[in-house]
Amino acid sequence: MTGGFELRGKHVLVIGLARTGIATARFCADHGAIVSAIDSHAESELGPEVLSLREEGVKLELGGQPESSLLKQDLVIPSPGVPADAPLLQQARSKGITVWSEIELADRFLDGRLIGITGSNGKTTTTSLVHHILQVAGFSTMVAGNIGTPLISRVGSTSEGTTAVVELSSFQLELIETFHPDIAVLLNLTPDHLDRHKTMEAYAAAKARIFEKQTESDFAVLNADDPGVVRLAPRRPPIYWFSRKKEVSQGAFLRGEELVFRTSKQEEILLKREEISLPGAHNLENVLAAVTAARLEGASVAAISEAVRTFPGVEHRLEFVAEISGVRYYNDSKATNVDATLKALEAFPGRVLVILGGKDKGSDYSVLQGTLRERSVLALLIGAAAEKIEQQIAGSVALERAGDLERAVDIAGQAARRGDVVLLAPACASFDQFENYEHRGRVFKELVRNRAQQQASAASPDY
């Protein structure tokens, strides 16, 4: 617990009523705050969970952002989707009102220890794996944050013996004040969310805030193979590196076919590379980061080895869906930026039919050209970013405008031949056609499974 905060009697304004906003409003109301919550959507567009907040004493102001909402507020908590420089937040600061992200508020009520994990890619896989290792090791642990469950909604289930493993986005880290992970992990840094952060420097600065309040008794875990990450190495906490390319003085690395963990006092062999079932070099990095964090938290070598071997992977991250007539289908809907899509493509040796597109985040898709030329035989373009993607990758691979996911799966199924991979790795956000990347991934899986059933029915004799 970073430092207590008295909510009772405080006037709190929550901006945005998606998953995090709902949990925040409910938490503050439960702790005696006088809560108002605003959302730009009309009441008819919001679900029953939002409207039920009224019964818990939350004042809802829907369909706009009235300036009167700032009168007499003590604290403003914007949802992660609200930019830190939004006019309403700027106005709040000008009035001397405290503006925090949900994780900042949650941290002030959290008991036990916290492992925070951020980066452009691999956050969810690494967070899930750390949690899995700690479970196998017998720790009292829970997982929360950007992974799907707001940290604020899990505070009540923590105790002094709990380790919270928390996935953190740049949006959440922008508005912290005293937020303090005992172990902070920065996986990698590639262009992402530039539609919001505007510059790579601003994006990197938001990520680097994870180390801001750490002390000499904490740990920082960083990717030694990523120059952008190396430049953000903090001064105070001891640094443990991870690398798949070289040995590090302190941390985890690959030596031949063995994963090694090294401290200033000893060296331990954790497991063999062949025991990692997750495909792709990027997942090797995720494993190295996860085992470093878990070992620093006190998980045994035996528990780490067993947990990595038994880790099933994460939904929507290079998730195998089905094999139909010798064609394998993979769901990597979480590949919401260009670098994630590159890593997904590189996980397969060749002849990939890839589905790209969605809501553009200010990305440069021309970076995909070389890998598409080497690995892919067809790119199927969907969503609002299709035209921009087509312009930037033209000439590197055969292209087809599919428009939506259903048609893309249909075209891919007809064009693929035995041994090919059909890969959903959009390089874009999902909000143009879907609620979120999970929704997009579920729709893809349903389409693929429907196709598998149709193929099976067609192959069965009709007596």
| query | Inside segment 287-305, can you point out the residues that are within 24 Å of the chain's Cα centre (by Cα) and open to solvent by 10 Å² or more (accessible area, probe 1.4 Å)? | reply | Arg295, Leu296, Glu297
| message | Regarding segment 296-305, can at least one residue be identified that is in contact (Cβ under 8 Å) with a residue 12 or more places away in the chain, hydroxyl-bearing (Ser, Thr, Tyr) and out of contact with any Leu (no Cβ under 9 Å at 6 or more places or on another chain)? | response | yes
| task | Taking the options Ser376, Ser277, name whichever one is in contact with a helix residue (DSSP H, G or I) (Cβ under 7 Å, 6 or more places away or on another chain) and either over 27 Å from Arg113 (Cβ atoms) or open to solvent by 40 Å² or more (accessible area, probe 1.4 Å) (or both). | result | Ser376
| query | Failed condition for Ala233, given (1) of a type outside the set (Lys, Arg); (2) more than 20 Å from Thr124 (Cβ to Cβ); (3) touching a Pro at 6+ places or on another chain (Cβ under 7 Å), with all others met? | reply | (3)
| said: Could you go through segment 336-345 and let me know if any residue there is assigned to a loop (DSSP other than H, G, I, E, B) and either in contact (Cβ under 8 Å) with a residue 40 or more places away in the chain or closer than 23 Å to Val185 by Cα (or both). | reply: yes
| Any residue at all in segment 133-142 that is open to solvent by less than 20 Å² (accessible area, probe 1.4 Å), in contact (Cβ under 8 Å) with a residue 60 or more places away in the chain and out of contact with any Lys or Arg (no Cβ under 6 Å at 6 or more places or on another chain)? | yes
| field | Spans of strands (runs of 3 or more DSSP E) in segment 226-281 with at least 2 residues under 19 Å from Ser305 (Cβ atoms), of a type in the set (A, V, I, L, M) and in contact (Cβ under 8 Å) with a residue 24 or more places away in the chain | value | 251-255, 267-272
| note | Condition set in contact (Cβ under 8 Å) with a residue 12 or more places away in the chain and assigned to a loop (DSSP other than H, G, I, E, B), scope segment 306-322, selection surrounded by the most Cβ atoms within 10 Å (Cβ to Cβ): answer is Arg317
| remark: Checked against (1) farther than 17 Å from Leu175 by Cα; (2) at pLDDT below 90, Arg26 satisfies every condition except (2)
| note | The condition of being touching a strand residue (DSSP E or B) at 6+ places or on another chain (Cβ under 7 Å) and closer than 28 Å to Ala394 by Cα holds, among Asp339, Asp332, only for Asp332
| request: Output the strands (runs of 3 or more DSSP E) that fall wholly within segment 350-445 and possess 1 or more residues being of a type in the set (Lys, Arg), or say none. | output: 399-403
| Boolean, Val166 is farther than 28 Å from Lys334 by Cα, open to solvent by less than 20 Å² (accessible area, probe 1.4 Å), outside any helix (DSSP H, G or I) and touching a residue at least 12 places away in the same chain (Cβ under 8 Å) | no
| task | Please give the number of the condition Gly256 fails out of (1) open to solvent by less than 30 Å² (accessible area, probe 1.4 Å); (2) of a type in the set (Gly, Ala, Ser); (3) under 30 Å from Pro237 (Cα atoms). | result | (1)
| Residue, farthest from Ile22 (Cα to Cα), within segment 46-55, restricted to residues that are more than 26 Å from the chain's Cα centre (by Cα) and open to solvent by 100 Å² or more (accessible area, probe 1.4 Å) | Glu55
| message | Within segment 80-124, take every residue that is surrounded by fewer than 24 Cβ atoms within 10 Å (Cβ to Cβ) and among the small types (Gly, Ala, Ser) and give me the one that is nearest to Leu318 (Cα to Cα). | response | Gly81
| When you look at Val308, is it out of contact with any Gly (no Cβ under 8 Å at 6 or more places or on another chain) and modelled with pLDDT under 90, yes or no? | no
| query | If you take the residues in segment 341-373 that are among the charged types (D, E, K, R) and within 21 Å of the chain's Cα centre (by Cα), which one is least open to solvent (accessible area, probe 1.4 Å)? | reply | Lys361
| What single numbered condition from (1) crowded, with 22+ Cβ neighbours inside 10 Å; (2) at pLDDT 95 or above; (3) touching a Gly at 6+ places or on another chain (Cβ under 8 Å) fails to hold for Arg418? | (1)
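The values are calculated or read from the model by the stated rules, or taken from the named source; none is laboratory data. Quick caveat: nothing in here was measured; it's all calculated off a predicted structure. As a convention, Cβ positions derive from the backbone with ideal geometry for all residues, glycine included, and neighbour counts pool all protein chains shown. Protein only, heavy atoms only, side chains kept; ligands, DNA and RNA dropped before computing areas. Shrake-Rupley method; radii C 1.70, N 1.55, O 1.52, S 1.80 Å.
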